[in-house]
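Note sheet for the following structure.
The values are calculated or read from the model by the stated rules, or taken from the named source; none is laboratory data. Because the structure is predicted, anything quoted here is derived from the model rather than measured. Methodologically, a virtual Cβ is constructed for each residue, glycine included, from the backbone with ideal geometry; neighbour enumeration extends over all protein chains shown. Calculation scope for accessible area: heavy atoms of the full protein, side chains included, ligands and nucleic acids excluded. Shrake-Rupley method; radii C 1.70, N 1.55, O 1.52, S 1.80 Å.
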Amino acid sequence: MKKIEAIIRPEDLDGVRVSLQEKGIVGMTVEEVQGRGRQKGVCLQWRAGEYCVEFLPKVRMDIIVDDKDVDIAIDAVIRAARTGKNGDGKIFIYPVEDIVRISTGERGKEAI
Amino acid sequence: MISRNSMYWSVIMLLLLLPATALAAEESRVDSGDTAWILISSALVMIMTPALGLFYGGMVRKKNALSTIMFSFAILALISVQWVLYGYSLAFGPDIGGVIGNLNWLGLNGVGQEPNAGYAATIPALAYMIFQAMFAIITVALISGAFVERINFKAFMVFSLLWATLVYDPIAHWVWGTGGWLRNLGALDFAGGTVVHISSGVSALAIAFVIGKRRGFGKQAMEPHNIPMVVLGAALLWFGWFGFNGGSAVASNGLAASAFVVTNTAAAAAALMWTLLSWYHKRPSVLGAATGGVVGLVAITPASGFVTPLAAIVIGAVAAVISYYAMLFRSRQNVDDSLDVWACHGLGGTWGAIATGIFATVAVNPAGANGLLYGNPGQFVTQIIAVGVIWIYAFVVTFVLAKLIDATIGLRVHDEEEAVGLDISQHAEKAYA
């Protein structure tokens with residue numbers, strides 16, 4: 001089992017959700033975050049002149065999948081979130097030791 | 001049915017008329033239309049102070065939102081009481097040497113339901129008093145834009161009370177009080193360009209020098225946390241300003257209508273100009289449009305009872321240009337007048353007071369005077385004298401007062417309190433849970 005942590009553009013969130021759902025992946029946890037990469041920050045206007053914000057809003061999503069579904073999930077995220085420009089985000093993959101479904105007590109793959 | 005209804009109504013009408021006719025004999029000088037307009041105007045000006053809290057509050061960081069709103073709200077409470085106890089007497093009481101009112105009207109002693117012909121012959125003296133109270137309140141609150149995000153609340157309250165007493169009350173007396181020396185000199189200030197805006201704007205600069213910069217000023221971005229709140233505040237300020245300027249006719253008449261029209265026109269011209277300036281430099285800015293509207297209102301304030309609508313367009317548009325570039329200039333200096341009270345009110349008020357000396361015409365207000373454009377350079381000179389005097393007095397007294405409070409109570413919060421934000425450190429509350 002793996003945790004796929006994807007940091008994406010906020011506006012791509014729903015596209016990514018649909019793309020994952022088409023591959024049968026429905027569960028995910030989503031959080032609004034701020035971050036910084038090659039896209040860097042953005043300069044906004046004060047009353048006169050401007051100021052620069054060094055962090056941009058992004059969405060971080062956690063998706064847990066079976067080992068065999070990892071590449072499918074990654075492809076689904078990329079298909080919906082890639083523009084080819086700086087700021088598209090990153091995907092991190094972590095091993096997951098165990099999972100417990102709270103409502104039933106199921107463990108491991110059964111609980112995905 | 002009809003006859004029974006009309007009979008019913010005639011009885012009610014008679015009942016309503018009986019006490020009214022009895023009173024009319026005693027208070028014939030009070031005009032009901034004038035009184036109604038001034039009371040409504042007082043309420044309009046009252047809402048401007050909490051509105052200023054929203055206007056300022058949206059521009060600071062989230063951790064200081066409540067603190068900034070509280071500056072205005074606390075002043076509404078504090079100065080309302082100060083004004084009734086002794087402020088009105090100092091500002092408008094019987095004159096002592098053209099400089100200050102005496103204490104005969106302490107606790108509103110003798111300020112009653114009868115008019116005081118020296119100020120307003122057709123409304124109760126109490127109505128004039130409460131209208132003026134709202135001006136004193138907002139003037140003190142305006143200064144708070146200079147020291148947001150770092151002042152100690154106790155020091156703020158003491159400063160505000162002393163500033164109202166030592167700066168506002170004397171200046172209001174000089175310009176508007178019977179026997180006031182600037183009034184006798186012939187300086188024109190319809191609704192408070194010098195008394196309200198120059199005094200608060202220049203004082204803001206003085207206290208900004210004393211209290212020093214916010215931590216991280218010029219190094220980290222200080223984001224306005226809620227621009228819709230700024231726009232709401234600006235809209236309520238614009239709304240209230242109809243009472244501020246229109247009510248300064250102290251009558252429900254053509255001059256009030258004229259002041260109302262030029263007020264709206266100048267605000268609009270300035271909002272438009274500020275939007276264009278920001279567009280020229282980057283994008284049409286919402287924060288800029290809201291700021292521009294307020295700056296236009298500031299500039300038309302002293303002129304609102306003396307100028308035509310076309311002059312109002314010039315006054316508003318030029319005010320926006322002056323304040324816009326003054327803000328750019330100020331932000332490059334080492335002084336943190338955080339919400340640019342000096343650039344908006346100090347310079348907006350200065351331009352407005354000088355513009356009054358240029359564009360004033362007796363065609364609008366026979367009780368006023370002609371300005372430079374209408375062949376009276378003398379008025380222009382008088383306006384500049386009044387501006388200079390208020391600049392110097394407000395700056396010097398505020399600077400000394402701020403130094404004294406800093407040496408005794410301490411103006412600033414500790415670094416840690418500033419870092420965590422004034423909402424939590426000064427009020428033990430959070431704006432957004």
Determine, at each q value in 0.19, 0.24, 0.27 (inverse angstroms), the log₁₀ of I(q)/I(0) that the Debye formula gives when each Cα of the stretch B:230-279 is one equal point scatterer.
-> -0.65, -0.86, -0.97
So what is Rg over Rh here for the stretch B:119-255, counting just Cα atoms and using Kirkwood for Rh?
-> 1.02
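Scale the Cα Rg of the stretch B:81-129 by the rule-of-thumb value 2.2 N^0.38 Å and send over the ratio, two decimals. It would help to have the intermediate numbers written out before the result.
Details: Rg = 10.2 Å, N = 49, 2.2 N^0.38 = 9.7 Å.
Taking the Cα Rg and dividing by 2.2 N^0.38 Å, one obtains 1.06.
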To the nearest 0.05, the calculated FRET efficiency linking B:Glu429 and B:Leu373 through their beta-carbon distance, R0 being 51 Å, is 0.45
Jot down the radius of gyration and Dmax of the stretch B:283-433, Cα atoms only, both in angstrom.
-> 19.7, 61
Round to the nearest 10 and give me the degree value, 0 to 90, for the angle of helix B:32-57's Cα axis relative to the longest principal axis of chain B.
-> 10 degrees
Long-range amide H partners of A:Glu50 with built H, under 5 Å | none
Any idea what diffusion coefficient the stretch A:26-74 gets from Stokes-Einstein, in µm²/s, Kirkwood Rh on alpha carbon pairs, 20 °C, 1.002 mPa s?
-> 157 µm²/s
So what's the angle, to the nearest 10 degrees on a 0 to 90 scale, between helix B:227-246 and the longest Cα principal axis of chain B?
-> 40 degrees
Could you order B:Ile137, A:Ile78 so the one with the most accessible surface comes first? Probe is 1.4 Å.
-> A:Ile78, B:Ile137
Evaluate the Debye formula for chain A with equal point scatterers sitting on the alpha carbons, no solvent, and hand back log10 of I(q)/I(0) at q = 0.13, 0.14, 0.17, 0.20 Å⁻¹, in q order, two decimals.
-> -0.56, -0.63, -0.83, -1.04
Only residues of the stretch B:102-122 count here: report those whose backbone N is under 20 Å from the spot 7 Å along Cα→Cβ of B:Leu404, or say none.
-> B:102-103
Residue by residue, what Karplus-based ³J(HN,Hα) values in Hz, rounded to whole numbers, does the stretch B:414-422 have, using 6.51, -1.76 and 1.60 with θ = phi - 60° and x for Gly and Pro?
-> 5, 3, 5, 5, 5, 5, 6, x, 6
B:Arg412 - accessible surface, heavy atoms, 1.4 Å probe, Å² rounded to 10 = 80 Å²
Quick one: compute a quarter of the convex hull surface over the Cα atoms of the protein assembly as shown and quote it in nm².
-> 37.0 nm²
Counting only residues 5 or more apart in sequence or on a different chain, those whose built amide H sits under 5 Å from that of A:Ile64 are A:Ile4
Principal-axis tilt of helix B:199-211 within chain B, Cα atoms, nearest 10 degrees | 30 degrees
Measure of size requested: the Rg and Dmax of the stretch B:24-137, with Cα atoms as the atom set and Å as the unit; please supply both.
-> 16.8, 58
What would the Debye formula give as log10 I(q)/I(0) at q = 0.08 Å⁻¹ for the alpha-carbon point model of chain B, no solvent?
-> -0.44
What is the calculated FRET efficiency for A:Asp14 to B:Ile96, with r their C-beta to C-beta distance and R₀ = 51 Å, to the nearest 0.05?
-> 0.10
Evaluate 2.2 N^0.38 Å with N set to the residue count of the stretch B:354-401, then give the Cα radius of gyration divided by it.
-> 1.43
Accessible area of A:Glu110 in the full protein assembly, 1.4 Å probe (Å², nearest 10) = 120 Å²
Mean projected area, convex hull of alpha-carbon positions in the stretch B:156-226, reported to one decimal in nm², is 7.0 nm²
Taking H placed 1.01 Å from N in the peptide plane, check which residues at least 5 places from B:Ala360 or on another chain put their amide H under 5 Å from its amide H.
-> B:Gly371, B:Leu372
Binned at 5 Å starting from 0, the alpha-carbon pair-distance distribution of the stretch B:185-256 in whole percents comes out as 3, 12, 11, 15, 18, 16, 11, 7, 5, 2, 1
